[in-house]
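J.: This is the structure I have questions about; it appears just below.
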Amino acid sequence: MTAASEPLLRVEGLQVHFPIKRGVFVDRTVGHVRAVDGVDLAIDRGTTYGLVGESGCGKSTLGRAVLRLVEPTAGRVLFDGTDVASLGGEPLRHMRRRMQMVFQDPLGSLDPRQDVESLLSEPLKAHGLGGGKAGIATRVRELLDAVGLPSAALRRYPHEFSGGQRQRIGIARAISLEPDLLIADEPVSALDVSVQAQVVNLLEELQQRLGLTYLVIAHDLAVVRHISDVVGVMYLGSLVEQAPADALYDEPLHPYTRALMSAVPVPDPVVEERRERILLAGDLPSPADPPSGCRFHTRCPWRQETRCDDEVPVLRELAPGHSAAPHPPRHLVSCHWAEEIRDGVLRPRSADEVAATQGVSVRATGADGAFETDALVQGVDEPIERR
Ligand SMILES: Nc1ncnc2c1ncn2[C@@H]1O[C@H](COP(=O)(O)OP(=O)(O)OP(=O)(O)O)[C@@H](O)[C@H]1O
């Protein structure tokens with residue numbers, strides 16, 4: 001495999017466990033939150049990997065571990081072929097320049113006391129880029145232009161902008177050091193629906209123009225489908241399904257993915273009328289004490305005793321049924337019964353039945369309700385075209 005065809009980012013067996021401390025005088029570790037618990041993924045250059053899942057399933061922690069903002073407990077992050085953990089000092093600084101983050105809330109990530117000129121020139125100065133005062137001023141204007149803001153914005157402060165404009169400033173800052181990889185953590189979820197599409201379009205335009213690679217973390221399935229080449233679905237720290245975006249949305253294989261998809265309203269009223277909702281029983285279990293076997297078994301309508309309770313399913317391709325590497329992107333799923341569910345051989349139990357066996361109540365899909373109201377799909381203001 002040539003260097004160019006090698007994925008820009010490879011994550012191998014990544015685990016991030018946070019210690020749970022107790023004690024007044026002596027810190028005792030009484031357990032661990034398994035925020036990320038064995039994730040493999042790869043992102044090709046110039047493509048977008050969308051990571052979806054309920055709040056608390058470990059998406060942000062994974063993004064932070066890639067940037068080495070948190071130290072992995074186990075596993076490797078290979079960026080452009082280099083193990084990120086092996087770097088220190090100047091090489092680490094250089095690598096960090098090549099990976100940048102776009103945050104959900106630009107107001108929280110932009111210093112309110114700095115005007116836009118200073119916000120955009122600061123990273124250039126810190127890295128000795130831009131070639132002196134005049135060079136930096138030119139580069140700052142180019143950055144503003146690239147994100148569609150007028151040069152009049154230079155003297156203004158973050159609070160003087162709308163949410164969408166602030167996100168444009170955040171994006172300008174993220175691309176200022178000419179990175180290769182952008183990790184965008186919920187980049188549009190804090191924005192009005194009417195401006196979400198504009199920011200998504202800007203990200204796509206910049207990707208094409210600058211050859212950027214994206215890891216987009218989001219709970220909005222319409223945004224993820226629109227922007228992603230490959231989508232990974234996370235549940236309790238692990239990937240339960242991964243596939244090229246169209247394949248995943250056309251035929252979700254994992255019961256959890258099916259439940260997430262079934263919660264998205266369809267714009268066609270006739271289809272919407274017939275849409276079958278898969279309700280899940282109970283809340284997301286604690287990542288400090290995840291269920292045995294398949295982690296989804298406590299909520300799964302297709303659970304089969306006792307295999308699902310005892311045996312951890314591997315992320316695999318459907319028949320011939322062997323485990324597979326995550327690259328090149330294929331449709332992978334971690335469910336013992338994916339073929340039987342796909343072929344309708346196994347019938348789902350109702351959420352009430354699942355709840356009765358677990359002694360819990362029935363919840364709408366997406367514990368935070370995030371998957372229930374998807375205004376973009378409903379076509380409000382500026383709908384994102386579905387592929
Ligand atoms: N620094 C930390 N110390 C202890 N636990 C943490 C820390 N950061 C995250 N967690 C826990 O790890 C789990 C995964 O959190 P994470 O923020 O990665 O999930 P997420 O899917 O991104 O959710 P959200 O969309 O709400 O941010 C959660 O249970 C969270 O409480």
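J.: With the condition kept exactly as written, say whether any residue in the range 201-215 is small (Gly, Ala, Ser), at negative phi and surrounded by fewer than 24 Cβ atoms within 10 Å (Cβ to Cβ).
T.: no
J.: Would you check if there is a residue in the range 186-200 being modelled with pLDDT of 95 or more, more than 16 Å from the ligand (Cβ to nearest atom), acidic (Asp, Glu) and surrounded by fewer than 18 Cβ atoms within 10 Å (Cβ to Cβ)?
T.: Scanning the range 186-200 turns up no residue that is modelled with pLDDT of 95 or more, more than 16 Å from the ligand (Cβ to nearest atom), acidic (Asp, Glu) and surrounded by fewer than 18 Cβ atoms within 10 Å (Cβ to Cβ).
J.: Looking at (1) more than 16 Å from the ligand (Cβ to nearest atom); (2) closer than 22 Å to SER228 by Cα, which is the only condition PHE103 fails?
T.: (1) is the only condition that PHE103 fails.
J.: State all residues of the range 169-196 that are outside any loop (DSSP other than H, G, I, E, B) and among the hydrophobic types (A, V, I, L, M, F, W, C); if no residue qualifies, say none.
T.: ILE169, ILE171, ALA172, ALA174, ILE175, LEU181, LEU182, ILE183, ALA184, VAL193, VAL195
J.: To continue, here is another question. Restricted to the range 283-304, and to residues that are of a type in the set (D, E, K, R) and over 16 Å from GLU340 (Cβ atoms), which residue is surrounded by the most Cβ atoms within 10 Å (Cβ to Cβ)?
T.: ARG299
J.: When you check ALA153 against the structure, is it within 17 Å of GLN114 (Cβ to Cβ), among the small types (Gly, Ala, Ser), touching a strand residue (DSSP E or B) at 6+ places or on another chain (Cβ under 6 Å) and assigned to a helix (DSSP H, G or I), yes or no?
T.: When the stated conditions are applied, ALA153 does not pass them.
J.: When the range 21-59 is examined, which residues are found to be more than 10 Å from the ligand (Cβ to nearest atom), surrounded by fewer than 17 Cβ atoms within 10 Å (Cβ to Cβ) and either outside any loop (DSSP other than H, G, I, E, B) or at pLDDT below 95 (or both)?
T.: Result: ARG22, GLY23, VAL24, PHE25, VAL26, ASP27, ARG28, THR29, VAL30, GLY31, GLY38.
J.: Inspect all residues belonging to the range 127-147 and state whether any of them is surrounded by 18 or more Cβ atoms within 10 Å (Cβ to Cβ) and either among the acidic types (Asp, Glu) or out of contact with any Leu (no Cβ under 8 Å at 6 or more places or on another chain) (or both).
T.: No, the range 127-147 contains no residue that is surrounded by 18 or more Cβ atoms within 10 Å (Cβ to Cβ) and either among the acidic types (Asp, Glu) or out of contact with any Leu (no Cβ under 8 Å at 6 or more places or on another chain) (or both).
J.: Is one or more of the residues making up the range 66-74 surrounded by 15 or more Cβ atoms within 10 Å (Cβ to Cβ), among the polar types (S, T, N, Q) and closer than 24 Å to GLN207 by Cα?
T.: no
J.: Also: Out of curiosity, is GLU12 in a loop (DSSP other than H, G, I, E, B) and among the acidic types (Asp, Glu)?
T.: No: the conditions fail for GLU12.
J.: Any idea which of GLY63, GLY89 is out of contact with any strand residue (DSSP E or B) (no Cβ under 8 Å at 6 or more places or on another chain), assigned by TED's automatic domain parsing to the domain that holds LEU41 and either among the aromatic types (Phe, Trp, Tyr) or more than 15 Å from GLU12 (Cβ to Cβ) (or both)?
T.: Going through GLY63, GLY89 in turn, the sole match is GLY89.
J.: Something else about it: Sort through ILE169, ILE183 and tell me the only one that's closer than 18 Å to LEU110 by Cα, buried (at least 22 other Cβ atoms within 10 Å of the Cβ), of a type outside the set (D, E, K, R) and away from the ligand (no atom under 16 Å from the Cβ).
T.: Just one listed residue meets the conditions, ILE169.
J.: Within the range 264-283, count every residue that is over 18 Å from ARG349 (Cβ atoms) and either part of a helix (DSSP H, G or I) or among the hydrophobic types (A, V, I, L, M, F, W, C) (or both).
T.: Final tally of qualifying residues: 8.
J.: Tell me which residues, restricted to the range 212-240, are more than 16 Å from the ligand (Cβ to nearest atom) and farther than 19 Å from VAL66 by Cβ.
T.: Of everything in the range 212-240, those that are more than 16 Å from the ligand (Cβ to nearest atom) and farther than 19 Å from VAL66 by Cβ turn out to be ALA222, ARG225, HIS226.
J.: Please work out which residue is modelled with the lowest pLDDT, limiting yourself to the range 214-246 and to residues that are farther than 15 Å from ARG316 by Cα and among the small types (Gly, Ala, Ser).
T.: ALA222
J.: Checking the structure you have, find out if any residue of the range 126-140 is touching a residue at least 60 places away in the same chain (Cβ under 8 Å), in a helix (DSSP H, G or I) and β-branched (Val, Ile, Thr).
T.: No, the conditions are met nowhere in the range 126-140.
J.: Let me ask something else about it. Restricting attention to the range 60-92, which residues are touching a residue at least 12 places away in the same chain (Cβ under 8 Å), of a type in the set (Ser, Thr, Tyr) and either away from the ligand (no atom under 13 Å from the Cβ) or over 17 Å from ALA42 (Cα atoms) (or both)?
T.: Answer for the range 60-92, where residues must be touching a residue at least 12 places away in the same chain (Cβ under 8 Å), of a type in the set (Ser, Thr, Tyr) and either away from the ligand (no atom under 13 Å from the Cβ) or over 17 Å from ALA42 (Cα atoms) (or both): THR73, THR82.
The values are calculated or read from the model by the stated rules, or taken from the named source; none is laboratory data. All figures in this text were calculated on a predicted structure; none of them were measured in a lab. All Cβ positions, even for glycine, are placed from backbone atoms using ideal geometry, and neighbour counts span all protein chains on display.
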